[in-house]
């Protein structure tokens, strides 16, 4: 057979709509496309002219799986534009909401999106047929994340309580404390998940990535920090655009990102774990040691293990944040309307999410720019496939297809997020 | 029950954020029971497995925004028995319908360096603008309770028991003070369908209309009150042109205000 193709017109178990095409001629890979056909929604266009406080309600709608990430990057960028620093209590509560989103999103991915690839099933529903207790426990853990998001934010998909300046209302202390027994259970489940994830049979595949993630010396970064690149070292969060650029390719409604010298880079749990391992809580580190984890972890399929460890970290931090939650004073700070601009990044479950806004003196958005994690990873996904495809051509077609599909799923791509974004970068032709 | 064929369900995604489909997977307490009584025949976000159609029930998330989506929704309509439009994108065009009030070409030029690669419609449409829809479930995101009730009703061939009142009734049931009266905040509650549990007033802010228009809304009475509560110029129109901005009643209310301002 001179010509062969791997063609997955519609990827399953990913967020949003995308496909995969690999063209092979005489045993040589000629063409690879990760096709993003999720229609554009033009968020950056219709953010223009909106009042700053409406922004987090709008950007949440970019993604139903990680709305908090969008709200947090928006809110922090806008607070910078106004020169406002949130109170320590408000910041701690933001981390609580954000970690709950990591729980919900990571457990979904580990058990329902990527997990079936590693256990030989089509879906978690099918897995439930043979191991109902595994799926039931996963659903319970996911529900704890969702319920905690609802307790802090009003609801789990598109929460309503976070605002520029702080919070509309302090959540009730007792209501949050009531989560502690469930969170202790969730922590145990997350530790079990780490042990389970370590036993799975991952495809043998390693890549020399440039890892990029937010970094803080005092904790595993989620809400804020400096950017850390495994190639370039520390970069100020506000210098994001100087280091990373996007380009628009024909087969995609999403823009592809590159490092400033044109190379691709990786964001997400694998990047975070490799860069920020030292900042994990002692118990999360202990879990990593127990499974004999060796860093750097360079196998993209093992993002699964990184997610499992981050779920442990998320549960630990939720417990700590709730125990220390003592809201005092006004939940939101007064803002003085002034023209200005601000940018900020945070760590969405699937990687670094950067926002920049320019505001006029009546508080209206003049310009918005959003760089979602999946758009940054798209170029990397295609590059991985170029490395992987020649190795899998010998496999039976269905297995080769599944191995390639699985690679993309392991990235936890959020395709709704990746589309419809704006850049000022003009592509050089 | 052996021998009894389970009804088949297909879940489709159009232009959307995935949040309503996610709320199907967020039925953590019910999901395993649900798949015991229905066959998930097509649901890309959850499974690689696909059974051939036609299907008994089709659930569509998202709005129609491309020429390809117009063709796809027609195919789906002819391939399913009952069609449920899931969430405010599917019932009113969703947040991406904000483009309906602007010039899309301008947006494309703004967002993409190569606008010629992008194929998109000028407007974001509700599913019912293209095909007959049997049941609309509003919400951004939908309420899980309403989803279960809607699905159960379809399977039992009865009328679903969905909230008919405005959001105000949910505030009263929860004993929440009216944010308009007590705090002087603008709120779309009086003209918005109940369903979310009044989460915005419960968090000390006004409703921004995720669940779409309340059917018996009194615009003539409401609009002047809303205008009176504005905290910045244009706030009332911004609130109306938000998540459910393309729902006819909200379009009309925003139009009333803009015309008043012109005079």
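The values are calculated or read from the model by the stated rules, or taken from the named source; none is laboratory data. Every value quoted in this text rests on a predicted model; they were computed, and no experiment measured them. Cβ atoms come from the backbone with ideal geometry, glycine included; neighbour counts cover every protein chain shown.
Values for this structure:
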| quantity | calculated |
| --- | --- |
| Qualifying residue in the range B:202-209 (condition: outside any helix (DSSP H, G or I), within 12 Å of another protein chain (Cβ to nearest Cβ) and touching a strand residue (DSSP E or B) at 6+ places or on another chain (Cβ under 6 Å)) | yes |
| Some residue of the range A:378-388 being within 14 Å of chain B (Cβ to nearest Cβ), over 30 Å from residue B:231 (Cα atoms) and touching a strand residue (DSSP E or B) at 6+ places or on another chain (Cβ under 7 Å) | no |
| Hey, residue A:56 closer than 30 Å to residue A:101 by Cα, within 11 Å of chain B (Cβ to nearest Cβ) and within 23 Å of the chain's Cα centre (by Cα) or not | no |
| Among the candidates A:140, A:195, residue that is surrounded by fewer than 18 Cβ atoms within 10 Å (Cβ to Cβ) and under 22 Å from residue B:144 (Cα atoms) | A:140 |
| Failed item, numbered, when residue B:87 is tested on (1) within 12 Å of chain A (Cβ to nearest Cβ); (2) modelled with pLDDT of 95 or more; (3) surrounded by fewer than 24 Cβ atoms within 10 Å (Cβ to Cβ) | (3) |
| Filter result for residue B:184 (more than 11 Å from every other protein chain (Cβ to nearest Cβ) and more than 20 Å from residue B:86 (Cα to Cα)) | yes |
| In the range B:53-68, the residues that are surrounded by fewer than 18 Cβ atoms within 10 Å (Cβ to Cβ) and in contact with a helix residue (DSSP H, G or I) (Cβ under 7 Å, 6 or more places away or on another chain) | B:53, B:54 |
| Meets criteria (surrounded by 13 or more Cβ atoms within 10 Å (Cβ to Cβ), free of Cβ contacts under 8 Å to residues at least 40 places away in the same chain and over 16 Å from residue B:93 (Cβ atoms)) for residue B:225 | no |
| Any hit, the range B:23-39, residues being more than 9 Å from every other protein chain (Cβ to nearest Cβ), touching a strand residue (DSSP E or B) at 6+ places or on another chain (Cβ under 8 Å), closer than 30 Å to residue A:70 by Cβ and not in a strand (DSSP E or B) | yes |
| Whichever residue in the range A:13-34 is touching a strand residue (DSSP E or B) at 6+ places or on another chain (Cβ under 6 Å) and either free of Cβ contacts under 8 Å to residues at least 24 places away in the same chain or surrounded by fewer than 19 Cβ atoms within 10 Å (Cβ to Cβ) (or both) and, among such residues, is farthest from the other protein chains (Cβ to nearest Cβ) | A:25 |
| Selection count, the range B:44-59, where residues are more than 19 Å from the chain's Cα centre (by Cα) and within 17 Å of residue B:150 (Cβ to Cβ) | 2 |
| Matching residues, the range B:1-52, being under 15 Å from residue A:156 (Cβ atoms) and either touching a residue at least 24 places away in the same chain (Cβ under 8 Å) or surrounded by 24 or more Cβ atoms within 10 Å (Cβ to Cβ) (or both) | B:17, B:18, B:19, B:20, B:21, B:22, B:23, B:24, B:26, B:27 |
| Subset of the range A:116-142 (residues that are more than 8 Å from chain B (Cβ to nearest Cβ) and assigned to a helix (DSSP H, G or I)) | A:117, A:118, A:119, A:127, A:129, A:130, A:133, A:134, A:137, A:138, A:141 |
| Verdict on residue B:245 being touching a residue at least 24 places away in the same chain (Cβ under 8 Å) and touching a strand residue (DSSP E or B) at 6+ places or on another chain (Cβ under 6 Å) | no |
| Subset of the range A:239-257 that is surrounded by fewer than 18 Cβ atoms within 10 Å (Cβ to Cβ) and modelled with pLDDT of 65 or more - its residue that is farthest from the other protein chains (Cβ to nearest Cβ) | A:239 |
| Checklist (1) within 12 Å of chain A (Cβ to nearest Cβ); (2) under 18 Å from the mean Cα position of the chain (by Cα); (3) farther than 24 Å from residue A:331 by Cα applied to residue B:233, failing item | (2) |
| Those residues of the range B:51-74 which are more than 10 Å from chain A (Cβ to nearest Cβ), closer than 15 Å to residue B:11 by Cβ and not in a loop (DSSP other than H, G, I, E, B), in sequence order | B:55, B:56, B:57, B:58, B:59, B:60, B:72, B:73 |
| Members of the range B:40-50 that are farther than 20 Å from residue B:16 by Cα and either within 11 Å of chain A (Cβ to nearest Cβ) or assigned to a helix (DSSP H, G or I) (or both) | B:40, B:48, B:49, B:50 |
| Single condition residue A:71 does not satisfy, out of (1) over 20 Å from residue A:339 (Cβ atoms); (2) within 11 Å of another protein chain (Cβ to nearest Cβ); (3) in contact with a strand residue (DSSP E or B) (Cβ under 8 Å, 6 or more places away or on another chain) | (2) |
| Members of the range A:161-177 that are away from chain B (no Cβ under 12 Å) and either at pLDDT below 95 or surrounded by 14 or more Cβ atoms within 10 Å (Cβ to Cβ) (or both) | A:164, A:165, A:176 |
| Contacts under 7 angstrom Cβ, first residue in the range A:363-391 being at positive phi, partner crowded, with 21+ Cβ neighbours inside 10 Å, 6 or more apart | A:363/A:52 |
| Within the range A:143-160, considering residues that are without any contact (Cβ under 8 Å) to a residue 12 or more places away in the chain and facing chain B (nearest Cβ under 8 Å), the one surrounded by the fewest Cβ atoms within 10 Å (Cβ to Cβ) | A:143 |
| Pairs, first touching a residue at least 40 places away in the same chain (Cβ under 8 Å) in the range A:111-124, second in a loop (DSSP other than H, G, I, E, B) and crowded, with 23+ Cβ neighbours inside 10 Å, C-beta under 6 Å, six or more apart | A:113/A:13; A:123/B:46 |
| Unmet criterion (only one of (1) at pLDDT below 95; (2) farther than 24 Å from residue B:235 by Cα; (3) in contact with a strand residue (DSSP E or B) (Cβ under 6 Å, 6 or more places away or on another chain)) for residue A:369 | (2) |
| Residue in the range B:90-99 that is more than 9 Å from chain A (Cβ to nearest Cβ), within 19 Å of residue B:66 (Cα to Cα) and at pLDDT below 95 present | yes |
